[in-house]
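Report on the structure given below.
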Amino acid sequence: METESNIPPPVTSITQIGRHDGEIVTIQGWLYNKRESGKLIFPIFRDGTGVVQGVAPKNQVSPETFETLKNLTDESSVIVTGKVRSDKRAPGGYELDVINVTVVQRVPEDDPYPISGKEHGIDFLMENRHLWVRSPRQCAIMRVRAEIIRSIRNFFDERGFTLTDPPILTPAACEGTSTLFSVDYFDDEAFLTQSGQLYIEATAMALGKVYSFGPTFRAEKSKTRRHLTEFWMVEPEVAYARLDDIMELAENMISHAVQSAMANRRTDLETIGRDVTKLEHIKPPFPRITYDQAVEILHDGHAKGLVEAKFEYCGDFGSPDETYISSQFDKPVMVHRYPAKVKAFYMEPDPQRPDLALCVDVLAPEGYGEIIGGSQRIGDYNQLVQRIREHALPEAAFKWYLDLRKYGGVPHSGFGMGIERAVAWICGLEHVRETIPFARTLTRIYP
RNA sequence: UGGCCGGUAGCCAAGCUGGUAAGGCACGUGACUGUUAAUCACGCUAGCGCAGGUUCGAAUCCUGCCCGGCCAGCCA
């Protein structure tokens with residue numbers, strides 16, 4: 001069957017197909033799946049924006065088209081022309097009466113597409129991640145991630161922040177705590193960054209309000225559902241801001257991201273199976289508790305038998321501790337003023353209680369753990385020198401960082417949010433490895 | 001790095017008090033003009049992570065190693 005004119009039918013995307021009801025359109029995509037019933041074939045096409053079922057009755061399509069469809073294998077790439085028809089039997093509301101199919105590349109039947117609709121273990125799926133990303137759930141997650149990133153960048157751009165990109169290759173450890181990946185840098189040793197924070201403190205002194213958005217690397221040998229060796233962080237840094245200012249910034253940023261995901265990617269969240277009622281109320285203000293209050297919560301939990309180990313004051317929280325604390329709230333909870341000795345060297349001490357740091361961790365609900373760590377930074381040159389010595393850090397490597405306190409130092413604060421943990425929480429995923437197209441973990445660097 | 005669990009066809013998986021490898025999915029062929037995880041029939045595919053040991057005989061027992069998962073520590 002030929003189309004009526006020489007003008008080729010317009011290419012449309014499957015999400016837009018409803019705008020072409022009754023019209024002949026072209027879809028560029030892949031065969032997602034196929035069902036046959038004798039002289040009737042139902043090819044299901046996907047194009048990256050959605051899925052639509054085609055209908056091809058033998059007596060209504062050309063013999064060539066019918067044969068092509070009958071022999072078509074899953075995930076073969078195809079260009080399909082057909083007439084859009086609304087149909088209440090279709091999940092998306094529309095079907096495509098197939099007129100013509102052009103096979104771009106046919107998947108051979110003796111080596112079929114390995115990922116079927118069900119029953120795959122995680123190892124197999126990760127080994128085939130380059131193909132797994134095509135599945136509807138993975139596509140939905142990638143779209144939600146993109147929306148979260150877009151909304152966060154938008155959030156800062158609209159508030160007068162300037163994006164400043166810190167280096168990824170660095171000469172020394174930023175914080176001196178995590179294990180870093182080392183690389184050969186023209187016969188010198190260099191490291192992959194674990195945080196852009198120290199560098200954006202410098203750009204904050206230039207531009208006032210800045211943020212960075214980029215990859216970071218940790219060579220820690222942790223293999224849990226919350227860890228990747230390569231992950232993305234968004235880090236704002238604000239000159240003249242105090243701890244309270246960035247706590248407010250953090251809750252506004254998180255709310256903005258959650259609300260944007262719900263407003264713009266709701267169907268994707270539903271595809272993923274997220275219970276969005278748990279996200280609807282994620283709006284400021286978030287509960288704020290001190291470290292001391294968090295410890296009380298843990299001691300209560302221990303007394304009730306809900307927390308196994310009795311928490312030792314002055315320690316940092318373990319993963320089960322964070323889960324219990326966050327379980328007491330239905331929004332992210334901001335825990336501030338930890339003992340200085342369990343925190344990073346650059347954190348400003350609380351003037352009221354110098355043993356505490358002016359810092360904040362944001363713990364996500366539903367056991368997703370820490371998604372944000374932030375603090376007010378030490379402003380005084382001599383105090384920072386002292387801290388660097390106490391932490392046995394190489395002083396010379398921090399000369400430039402100390403300069404920031406020598407040449408017009410000001411109070412300033414910032415935080416970092418791990419994108420994958422935030423996406424895992426917002427999507428309600430079991431593991432962060434699904435939040436990024438190609439997760440790098442302790443045990444996997446292929447594909 | 002430690003504790004626990006696991007590696008059987010392309011995938012999922014039973015078998016693991018030793019006796020000679022279920023079943024399902026996928027794929028192929030045939031039937032079916034409304035299928036939605038379609039259905040029905042037939043067919044194809046493994047010698048059980050690797051190495052060694054015990055035994056008449058090992059997927060099953062023993063030793064060592066490799067790989068993966070979960071949890072913990074550490075962190076975002």
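The numbers here are math on the coordinates, done by the rules we state, and not lab data. Nothing here was measured: the structure is a model prediction, and the numbers come from that model. Methodologically, a virtual Cβ is constructed for each residue, glycine included, from the backbone with ideal geometry; neighbour enumeration extends over all protein chains shown.
Enumerate the amide H contacts of A:Leu163 below 5 Å, restricted to partners 5 or more residues apart or on another chain; note that Pro and chain-start residues carry no placed amide H.
A:Tyr211
Counting other Cβ atoms within 10 Å, keep those with at most 11, restrict to DSSP loop, and tell me which GluC sites (Glu not before Pro) in the range A:219-313 are left.
In loop regions of the range A:219-313 (DSSP not H, G, I, E or B), the sparsely surrounded GluC sites (Glu not before Pro) are A:Glu308, A:Glu312.
Calculate for chain A the 222 nm mean residue ellipticity that helices alone would give, adding -39,500 (n - 2.57) per DSSP H run of length 4 or more and normalising by residue count, nearest 500 deg cm²/dmol.
-9000 deg cm²/dmol
In whole Å, largest first, what are the principal axis extents of the Cα atoms in the range A:201-247?
Principal extents (largest minus smallest coordinate, Cα): 38, 22, 13 Å.
Using a 10 angstrom cutoff on alpha carbons, build the Gaussian network for chain A and name the most mobile of A:Thr162, A:Thr65, A:Thr271.
Among A:Thr162, A:Thr65, A:Thr271, the largest mean-square fluctuation in the Gaussian network model of chain A belongs to A:Thr65.
Dividing the convex hull volume of the Cα atoms of chain A by its residue count, what figure in Å³ per residue is obtained?
Convex hull volume per residue, Cα atoms: 193 Å³.
Only loop residues by DSSP count here, and only those with at most 16 other Cβ atoms within 10 Å; note down the trypsin sites (Lys or Arg not before Pro) in the range A:1-85 that meet that.
The qualifying sites are A:Lys39, A:Lys58.
For A:Leu228, list long-range residues whose amide hydrogen, built 1.01 Å from N in the peptide plane, is under 5 Å from its own amide hydrogen.
Under 5 Å from the amide H of A:Leu228: no residue qualifies.
Give me a comma-separated list of calculated 3J(HN,Hα) values for the range A:96-111, in order, Karplus coefficients 6.51, -1.76, 1.60 applied at θ = phi - 60°, integers in Hz, x for any Gly or Pro.
The phi angles translate into 10, 7, 5, 10, 8, 10, 10, 7, 7, 8, 9, 6, x, 6, 7, 9 Hz.
Quick one: A:Tyr324, A:Tyr240, fewest Cβ neighbours within 10 Å first, how do they rank?
Placing the least packed residue first, the sequence is A:Tyr240, A:Tyr324.
Kirkwood hydrodynamic radius, computed over distinct alpha-carbon pairs, for the range A:14-105: how many Å, to one decimal?
Evaluated on the range A:14-105, it is 12.7 Å.
Mind checking which of A:Ala261, A:Ala56, A:Ala303 has the largest fluctuation in a GNM of chain A, springs on alpha carbons under 10 Å?
A:Ala303
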